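First the structure, in the form of structure tokens, and then the observations on it.
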2 protein chains.
Amino acid sequence: MIRINMYTKEVTKEILPDEYFFLGGRGLTSKLLMDEVDPNCEPLGPNNKLVIAPGLLGGTVAPCSGRISIGAKSPLTGGIKESNGGGTAAVKLAKLGIRALVIEGQPQEENLFLLKVSHNGVEILPADELKGLGNYETTKTLLGKYGSKSGIISIGPAGERGYSTATIAITDMEGTPCRHCGRGGMGAVMGSKKIKAIVIDDSNASKITYKDEKTFKEISREWAKELVVTRKGMTDYGTAGNLDAINALGSLPTRNFSYGVFEDADKISGVRLREIILKRGGKLSHACHPGCVIRCSNIFTDKKGDVVTSSLEFETIVLLGSNCGISDLDFIAKLDYFCDDFGIDTMELGVTIGVMMEASVLPFGDQTKMMGLIEELKNDTLMGKMMGQGATLTGKVLGVRRVPAVKGQGLAAYDPRGIKGTGVTYATSTMGGDHTAGNCLPGRIGYRQETKDLEFIKTTEGIVELSKDVQTMIVLCDLCGYCFFVGPSPDTVERTAKLINARWGTEITFDKLIELSKQVIQTEIKFNEKAGLPQSINGLPEFFYTERLEPQQHIFDIPKTALENIFTKN
Amino acid sequence: MIRINMYTKEVTKEILPDEYFFLGGRGLTSKLLMDEVDPNCEPLGPNNKLVIAPGLLGGTVAPCSGRISIGAKSPLTGGIKESNGGGTAAVKLAKLGIRALVIEGQPQEENLFLLKVSHNGVEILPADELKGLGNYETTKTLLGKYGSKSGIISIGPAGERGYSTATIAITDMEGTPCRHCGRGGMGAVMGSKKIKAIVIDDSNASKITYKDEKTFKEISREWAKELVVTRKGMTDYGTAGNLDAINALGSLPTRNFSYGVFEDADKISGVRLREIILKRGGKLSHACHPGCVIRCSNIFTDKKGDVVTSSLEFETIVLLGSNCGISDLDFIAKLDYFCDDFGIDTMELGVTIGVMMEASVLPFGDQTKMMGLIEELKNDTLMGKMMGQGATLTGKVLGVRRVPAVKGQGLAAYDPRGIKGTGVTYATSTMGGDHTAGNCLPGRIGYRQETKDLEFIKTTEGIVELSKDVQTMIVLCDLCGYCFFVGPSPDTVERTAKLINARWGTEITFDKLIELSKQVIQTEIKFNEKAGLPQSINGLPEFFYTERLEPQQHIFDIPKTALENIFTKN
């Protein structure tokens, strides 16, 4: 664990405390934040800390275990945050034996810095020449200077400016800064520490060791094989493969969550995306991080075959697409590139623009005016600054009552009225409106007897219990560094116990892992309670309870009382 | 108690429940909100309620007892709110035997309404012709139509637009809409109910009765006599009489709370104000409500003797003055008139503009550019909308870290570093940064043995205890309908017990009244906890703890732990 104080410029290596040992990723970011950060601190002030942690199994051959967790008190929600991303950083940090980078303090000077991480430790270097650059230019410069095999973590102008919706970009295996810890404004926290980028050089890293390498590899190989088969749809169509199903469920956010079916869904669906990519010679089945076997990422090219962006994802396509009345994948791809380069969350931006359309700042579906908004962001105008603060604040300024956001964070691309389990997750997660905290799509089951019962989990009580189970199992994914597409499922928990035991010779059990995950959630709840996001505010915006989602007439009818104590009762 | 449902347009008279009997003013607004409003409701949605209540002694001859309490969940703080004002409304309502108007629901139509309150009850009437009018024009129209003796409660454009800083105006004895329930955006809640104005006609009201009229009048007369003597400074100089003292304490908010002494204090002081008013023939010693014997209000005229505004108060003069680097009373008076007419809180606007100056949107002291900001408000531009949401949101958009606000509400005109008791009140009050919740100016003592000890209340523990005592006694003032200038003092509590007993033949005691006041605070705490403003967030912005206030080097050093549990330990 390496601690970097940006006020004193001191770098200290610390042995990970024993009690942190089984915590990786989100487990570690959340525990560290609880132990070391005042929940009432200013998110962009000197007392917040930015914690970057690979998962517990990061760097190993366990499939899809190379995701990274970046945590801090969020400037967007005001609560604890873990934002999860792909790219090469996690694996490189893990290989260097680094369980966490803890960035604290704040420089007094206005200069920008970069951190150079290698087997020699961490150096703080000047980086003023990168000021104002987008992630693409930043990455290009740094890869040129530090070698194309480096992994880069960086922020764009949004992060430098402290926009609450700023992301942290991470380079993928091709050195493209297209993997983002997108949610909750982690980029603004990094910007507040005046760190433009982190360059990771894992040459001379020592080898990952295993107590029982053979077993570990066997389990991993078998699991990977299964994932390749069961996740073939994702490999072929990307996350957008989901779009038709969500549309069929009448739950596709359309024109600021005012309708559940998009009339032009076929123009932005996974099928369509695949067609375009195959025709133009982009890339499907693209891995977002080393060790990814699901490969749901893609590279999207324009008609001439030039790369526009990577990767075009379901959430982006819906929230900047149907949610804004847009049905043009080329246009959405352009926006996606802008967001990645500028370093702003595509999801929050989509929700924000939807809210602005609701307020008649521009009409739904108006591409020209949407590009105008992008200019406002680029130019840091007052409107740009407002948009940079996200949907909740924008809605407040514009006097919009229908703002699809929870705890300050815009919802993901599943209308909670139709997919109620995900609605419960939005309403109760420590992370604010966030599907990655526990997406409860049809077919999902929990780990307990009752939550494996397909009839029970369709009841109101069952929906709540399912969300709780899925949220718990997701924590385990985030803790291990798995992409959550391996599934927040009992199967994943079981395999994980075996993998951990094979790696360290421990005797960890299914129950123990569940317990560990629950503890992480309890830690986050405690942080949020002190920060002013108590469980008592769990719930969705009023319109989800009062306005039926046409055409399927869905309504969110999970009583508030069931949402307030989801994690307090057993 | 009259309930007005703006959705169904039903008006119902209800007998005040027994348990509410000794609750008036803030006691009643807070209890009703807790009992009837979901703390998580949207402040401007149909589930919030606006409660208007005269004090328990409103309409009687008790001195200074004609203040009104208006309560709702605040769109500014997100918590419970009571905003207190003068004018004639409270006395008229009390004379009509109305303990509270409870306005609930929300019309579906876009039309505006007015409420006509008389001895016949409440009528809901159309008021579209008043749309967009300022409070002055609104009042003039209504007094013309309903008789000059009517009392008018109204909102300006700010309230109609839902600005979180919108006030509710109340006419004074001359029919001028210059008394405002200014804090916490109560005007926006009234606007969300589509009520432009409330006309109160108290002709044919029945006489206030007393169990022991003689004693009641005797106590009142004696108290009034004393107040006339002890508050002479306020009568002569208005609230601005304070300014020199606060400046001498090095605690006068100057240029966005960056300095504690204003070099041009003499140009905006009470002495100067008196000089100008006497010279030009304005009015000093003006009463803000019937029964006021302190008469700290004034009428400010321009050089030609034409009325500019009433009343020019300390908070306005400082927050729109020294806090913005302005030292011109004529200019401040103009802004005050604008705020009263437009229906926006002078204090929140002053803090907001200070924050904008800190962000270099305009230079400190630039009158021309400040008038430009007023145009932005009038024209409802994006900048105007942002300003209308107050200092906290404005600071967020502009990326300002030094935002002097607590729980979303801008601080009053006492820098908490120099006047720490008031700082504790800002940090701990259920109302957000609000001096009226318990201003602890030097000389103030509590009601308990230890808090009467002048040495103890200078210690850290003593400061906290004093604030707690004063906050408790202020509740009693707000509950009775007193102007708090009678003093949140043991003496006031004693006299109040006697007055209540003389009025109703009860045997209420000092301790019982303190207990009652404490219960009100506990009710508010409970509401706020559920609304997401738990006691754990009590505190001041970080810069008050880290940045010394020059030139007297004050710092806020009351530990956060002492602020979190102020009302939970006994």
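Details
- Qualifying residues in the range A:384-394 (those that are buried (at least 24 other Cβ atoms within 10 Å of the Cβ) and part of a helix (DSSP H, G or I)) - the one farthest from the other protein chains (Cβ to nearest Cβ): A:ALA391
- The range B:395-417, residues that are of a type outside the set (A, V, I, L, M, F, W, C) and not in a helix (DSSP H, G or I): B:GLY399, B:ARG401, B:ARG402, B:PRO404, B:LYS407, B:GLY408, B:GLN409, B:GLY410, B:TYR414, B:ASP415, B:PRO416, B:ARG417
- Of the residues making up the range A:508-556, those that are of a type in the set (Gly, Ala, Ser), out of contact with any strand residue (DSSP E or B) (no Cβ under 9 Å at 6 or more places or on another chain) and within 10 Å of another protein chain (Cβ to nearest Cβ) are A:GLY532, A:SER536.
- Hits in the range B:363-383 (condition: facing another protein chain (nearest Cβ under 10 Å) and in a loop (DSSP other than H, G, I, E, B)): B:ASP380, B:THR381
- Just one of the numbered conditions (1) touching a Lys or Arg at 6+ places or on another chain (Cβ under 9 Å); (2) of a type outside the set (Ser, Thr, Tyr); (3) crowded, with 24+ Cβ neighbours inside 10 Å; (4) over 25 Å from B:PRO541 (Cβ atoms) is not true of A:CYS64: (1).
- Residue in the range B:459-468 that is of a type outside the set (Ser, Thr, Tyr) and assigned to a loop (DSSP other than H, G, I, E, B) present: no
The rows are residues; the columns are (1) loosely packed, with under 15 Cβ neighbours inside 10 Å; (2) outside the structural domain of A:THR352 (by TED's automatic domain parsing).
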| site | (1), (2) |
| --- | --- |
| A:ARG221 | yes, yes |
| A:LEU227 | no, yes |
| A:ARG274 | no, no |
| A:GLY281 | yes, no |
| A:SER285 | no, no |
| A:CYS288 | no, no |
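- Test: B:ALA248 is of a type in the set (A, V, I, L, M, F, W, C) and either touching an Asp or Glu at 6+ places or on another chain (Cβ under 7 Å) or in the same structural domain as B:LEU56 (by TED's automatic domain parsing) (or both): no
- The range B:146-176 - residue that is over 19 Å from the mean Cα position of the chain (by Cα) and among the acidic types (Asp, Glu) and, of those, nearest to the other protein chains (Cβ to nearest Cβ): B:GLU160
- Within the range B:538-566, being hydrophobic (A, V, I, L, M, F, W, C) and touching a Lys or Arg at 6+ places or on another chain (Cβ under 7 Å) holds for B:PHE543, B:PHE544, B:LEU549, B:ILE555, B:PHE556, B:ILE558, B:ILE566.
- Residue within the range A:371-388 that is within 30 Å of A:GLU529 (Cβ to Cβ) and out of contact with any Pro (no Cβ under 7 Å at 6 or more places or on another chain) present: yes
- Screening B:GLU109 on (1) among the charged types (D, E, K, R); (2) at pLDDT 95 or above; (3) out of contact with any helix residue (DSSP H, G or I) (no Cβ under 7 Å at 6 or more places or on another chain) shows it passes everything except condition (2).
- Among the residues of the range B:39-54, just one is buried (at least 21 other Cβ atoms within 10 Å of the Cβ) and either facing another protein chain (nearest Cβ under 8 Å) or at pLDDT below 95 (or both), namely B:LEU44.
- In the range B:557-568, the residues that are within 10 Å of another protein chain (Cβ to nearest Cβ) and free of Cβ contacts under 8 Å to residues at least 24 places away in the same chain: B:LYS560
- Within the set B:TYR237, B:TYR210, the sole residue that is of a type in the set (Phe, Trp, Tyr), more than 29 Å from B:GLY71 (Cα to Cα) and more than 14 Å from every other protein chain (Cβ to nearest Cβ) turns out to be B:TYR237.
- Candidate set from the range A:163-209 (those that are out of contact with any strand residue (DSSP E or B) (no Cβ under 8 Å at 6 or more places or on another chain) and buried (at least 24 other Cβ atoms within 10 Å of the Cβ)); member that is farthest from A:ALA333 (Cα to Cα): A:SER192
- Here A:ALA62 fulfils each of the conditions (1) under 30 Å from A:ALA502 (Cα atoms); (2) under 19 Å from the mean Cα position of the chain (by Cα); (3) among the aliphatic types (A, V, I, L, M) apart from (2).
- In the set (1) under 30 Å from A:THR459 (Cβ atoms); (2) within 14 Å of chain B (Cβ to nearest Cβ); (3) in a loop (DSSP other than H, G, I, E, B); (4) of a type outside the set (Asp, Glu), A:ALA427 fails one condition alone, (3).
- Qualifying residue in the range B:469-485 (condition: in a loop (DSSP other than H, G, I, E, B) and not hydrophobic (A, V, I, L, M, F, W, C)): yes
- Flag for B:LYS207 being outside any loop (DSSP other than H, G, I, E, B) and charged (D, E, K, R): no
- Residue check for B:LEU57: part of a loop (DSSP other than H, G, I, E, B) and within 13 Å of another protein chain (Cβ to nearest Cβ): no
- The set of residues from the range B:240-263 being among the hydroxyl-bearing types (Ser, Thr, Tyr), under 11 Å from B:ASN323 (Cβ atoms) and out of contact with any Ser or Thr (no Cβ under 7 Å at 6 or more places or on another chain) comprises B:SER258, B:TYR259.
- Put simply, of B:ILE474, B:ILE463 the only residue that is of a type in the set (A, V, I, L, M, F, W, C), more than 20 Å from the chain's Cα centre (by Cα) and crowded, with 20+ Cβ neighbours inside 10 Å is B:ILE463.
- Among the residues making up the range B:117-132, those that are without any contact (Cβ under 8 Å) to a residue 24 or more places away in the chain and over 24 Å from B:ALA53 (Cβ atoms) are B:PRO126, B:ASP128, B:GLU129.
- When the range B:1-38 is limited to residues that are in contact with a strand residue (DSSP E or B) (Cβ under 7 Å, 6 or more places away or on another chain) and among the charged types (D, E, K, R), the one that is farthest from the other protein chains (Cβ to nearest Cβ) turns out to be B:LYS13.
- Only one entry in B:ILE299, B:ILE317, B:ILE277 is modelled with pLDDT of 95 or more, closer than 23 Å to B:ARG179 by Cα, touching a helix residue (DSSP H, G or I) at 6+ places or on another chain (Cβ under 6 Å) and among the β-branched types (Val, Ile, Thr), namely B:ILE317.
- Condition met for A:LYS458 (under 21 Å from the mean Cα position of the chain (by Cα) and not β-branched (Val, Ile, Thr)): no
The values are calculated or read from the model by the stated rules, or taken from the named source; none is laboratory data. If you're wondering where the values come from, they're calculated on a predicted model, not measured in any experiment. Note that we place each Cβ from the backbone using ideal geometry, even for glycine, and neighbour counts take in every protein chain shown.
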